[in-house]
Each structure stands twice: as structure tokens, then as C-alpha cells.
Amino acid sequence: MRIPGTAPLLAATAALTFAGAALAQKTTLLVYTALETDQIKAYQEGFNKAYPDIELKWVRDSTGVITAKLLAEKSNPQADVVMGVAASSLALLDVQKMLIPYAPLNLDAIMDKYRDKKNPPAWFGMDVWGATVCFNTVEAQKKNLPEPETWKDLTKPVYKGQIVMPNPASSGTGFFDVSAWLTLWGDDNGKGGGWKYMDALHENIAQYTHSGSKPCNMAATGEYVIGISFEYRANTNKAKGAPIDLVFPKEGLGWDLEAFGIHAGTKHLDAAKKLADWASSKDAMKLYGKNFAITAVPGVAEPLKNVPTDYEARLVKMDFATTAANRERVLAEWTKRYDSKSEPKKK
């Protein structure tokens, strides 16, 4: 004899059991990233349209902090995937044998200069982010300051105390600026023209920030006239109405790649490979192209307002393996010389 009301109860119990089982089958990937927080949502939604059974959990900080965290966790890895972190950092992780080489489905479409040279590659690029100077035209007019055109212009005494830039030990943007200046004017173990340039620039610096976005944000609000930053943050601030001009110094632009790699410590390799496949896909590249002028797959990004059409030609030559090999020495030298003007670190 059936007890009244048991059928709906059994059906509800079965539905809950099925839902619980479905939930239990979801794989969670821990993704370490330096992506801007206002980019992550769109990328996550794009991925979950293709792979709804994989949940992404993000650990986000600036490039230098994320790189240091990964290196500190080498013997006890936490991350499954590293996504949207500088290629120069991923090259360093590769040297430490912390990445699993993998050829994603769309690898052949990615330009050779925007991926690891090995086959299969340890990492591949998503998009290029490059140097841009944010110049507050309103505050400059009040102070009767001319708009700079070159990096060398920023060493003129007229700009003393009016410039902020990212600390290269914390920020990927700051690190590619330093790398570019050393490439343009020479390193010579702390004695080259690149260091002489930074000595002169340091005289005009008000503060080194621990974020690549922050200098442009500070210029946008008028806290300082000049913020050395990168084109995504500059463009988004200008689009919101900030009174800034975007300056692309004539000598050449520092840059790096937001890049992807599978962490050697992952326990979810199949799911990590699916994320790699999506991150290299044309659909993903179209999302990157909404934020950046150059994607690793050519012909995907639409031209960005305020970014010059010859932007890619202005990028300095970068060797990510060499940059990674020199990173520790360069940062130690930079810190010894200039860290006195860095903003306090968050506790």
C-alpha cells in the first residue's frame, strides 16, 4: 500500500540526489592570475559556455606578487593553472620545471613570437599589453607643463614630483618598462645607459606603486600629472571621461604577454587542458581583443581607439628567456637604487 504523499517526496529526493551528484562531478580549477578584475568575469563566462562542468576559482594579484607566490609554493603547489600572467614570469616558472608542456587545439594559429619556442610549448600568449603614459591635460595646463613625447622627456626638471610608475618587483608593467629601457640603452650589470636613464627618471618620480593600473588611475583623478601604465587601463579611464591623453613614447615601448600555462602541480590535468584549449581559441581571442590592441592570434582584435595603428611596430624586441634569466639580478639592482620611493606594501 502506498503511503499518501510519498511519490512526490521520493521524486524530490531523487532530484536532489541527482543534482548533488551533478554538483559533485564538477571539477574545480584553481587559477592564479594577474588579469584585471574587470576582465575576469567575461573570460569566465566565455569558458563556462563551452565547459559548464568546470568551475574556475581565481587567486588574483599583481604580476610580481603572483610570481613570488608561485615560486614560494614550488614544494607545495596550490595552483592548477596560471592564466593572464606575464610570459616573462612563465618563462621563469618553466626554468624551475613548474609547468606542464601542452599544445592546445588552436596552437598553430598563434604567432611564433607570442608563444614558447619549444614543442609542445610550456606556455602560450593570450594578448600583448604594452607601455602607455597617461597625461592629465587639465592638471598639466594648471601647472603649465608640456605634454611629453619621449621617455627622455620625462627626465626634464619641469616634471619633478609629477610622475608615478609601477614598482617592477610587484608589477609586470613596471618590469617590462625597466626591461625595455635596459634593452634600448644598455644594462652592463648596473652600469649601462638604461640605469643612467632610470637614475635621472628617479629624480622626478613621486612614488612607485605596486600596481600597473594605479599610476594611470592616479593621473586620471589628477593626483599626479603623469602615470606610466599600460594601454588597457589608459583606454578604459579615458572612455570613462578622464581628462587624459595617451602618450606612446617614440623610442620604443616595453611590453609583455598575458600568457597561459598548466601548473605541474595540478591534480586536474584533463580539465586544465580544456581551459588551455579554450584560452587559445578564436572565441577567447575575440574577448581579449576587446581589451587589447594585439592578440596572439592575428586579425582578431578590432582597432582600439587612442592606440596608434603602428603600435605593434613600436614594441621593443623582447627575449622572454633572457628576461627571465636576468630578472632576479635586475630587480635586486632596481630595489637597491630606487625602492625608497615605493608606496608601503599592504599588510
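The values are calculated or read from the model by the stated rules, or taken from the named source; none is laboratory data. As the structure is a computational prediction, the values presented were derived from the model and not from experiment. Because the Cβ atoms are built from the backbone with ideal geometry, glycine has one as well, and the counts that use them run over all protein chains shown. Just so you know, the surface numbers come from the protein's heavy atoms only, side chains and all, with ligands and any DNA or RNA stripped out. Shrake-Rupley method; radii C 1.70, N 1.55, O 1.52, S 1.80 Å.
Below are the figures for this structure:
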| quantity | calculated |
| --- | --- |
| Estimated FRET transfer efficiency when R0 is 45 angstrom, pair GLU149-GLU73 (beta carbons, to 0.05) | 0.55 |
| Residue-wise HN-Hα coupling along the range 326-336, computed from phi with Karplus coefficients 6.51, -1.76, 1.60 (Hz; x: Gly, Pro) | 8, 3, 4, 5, 4, 5, 5, 5, 4, 4, 4 |
| Options (1) 21.0, 76; (2) 24.9, 107; (3) 22.7, 95 - which one matches Rg and Dmax of the Cα atoms in Å as calculated here | (3) |
| Distance between modelled label sites at GLU223 and ALA239, nm, 7 Å Cα→Cβ extension | 2.3 nm |
| Candidate lysines for bridging to LYS267, where Cα separation is under 28 Å - those fewer than 8 sequence places away on the same chain excluded | LYS26, LYS41, LYS49, LYS57, LYS69, LYS74, LYS97, LYS117, LYS118, LYS282 |
| Rough spin-label spacing in nm, given labels placed 7 Å along Cα→Cβ, for THR335 and ARG314 | 3.2 nm |
| Nonlocal amide H pairs with TYR224, under 5 Å, H built at 1.01 Å | ALA219 |
| Per-peptide average of other Cβ atoms within 10 Å, ordering 119-131, 27-39 highest first | 119-131, 27-39 |
| Neighbour net charge for GLN162 - beta-carbon separation under 14 angstrom, K R +1, D E -1 | 0 |
| Nitroxide proxy distance, nm - points 7 Å out along Cα→Cβ at LYS196 and ALA109 | 4.8 nm |
| Accessible area of HIS210 in the full protein assembly, 1.4 Å probe (Å², nearest 10) | 30 Å² |
| Calculated from backbone phi, Karplus (6.51, -1.76, 1.60) coupling profile of the range 179-189 in Hz, x at Gly/Pro | 4, 5, 5, 5, 5, 5, 10, x, 9, 6, 6 |
| Part-to-part distance (alpha-carbon centres) for the range 136-197 and the range 294-327, which is given in Å | 19 Å |
| Share antiparallel - DSSP beta bridges, the chain, percent rounded to 5 | 60 percent |
| Amide H contacts under 5 Å for TRP58, placed H, 5+ residues apart | VAL31 |
| Relative contact order of the range 114-196, defined on C-alpha pairs under 8 angstrom at six or more residues apart (%) | 13 percent |
| Overall form of the range 266-340 per C-alpha gyration tensor (a/c, 1.5; a/b vs b/c) | oblate |
| Cα shape, the range 161-275, gyration tensor, a/c 1.5 rule | oblate |
| Relative contact order of the range 227-347, defined on C-alpha pairs under 8 angstrom at six or more residues apart (%) | 23 percent |
| Extension reserve of the THR322-ASP53 stretch, reckoned as 0.36 nm per residue once the Cα distance is removed | 92.9 nm |
| Rounded to whole Hz, the Karplus (6.51, -1.76, 1.60) HN-Hα couplings of the range 244-255, x for glycine and proline | 10, 9, 9, 10, 10, x, 5, 5, x, 10, x, 7 |
| Amide H partners (placed H, <5 Å) of SER229, local residues excluded | THR132, VAL133, CYS134 |
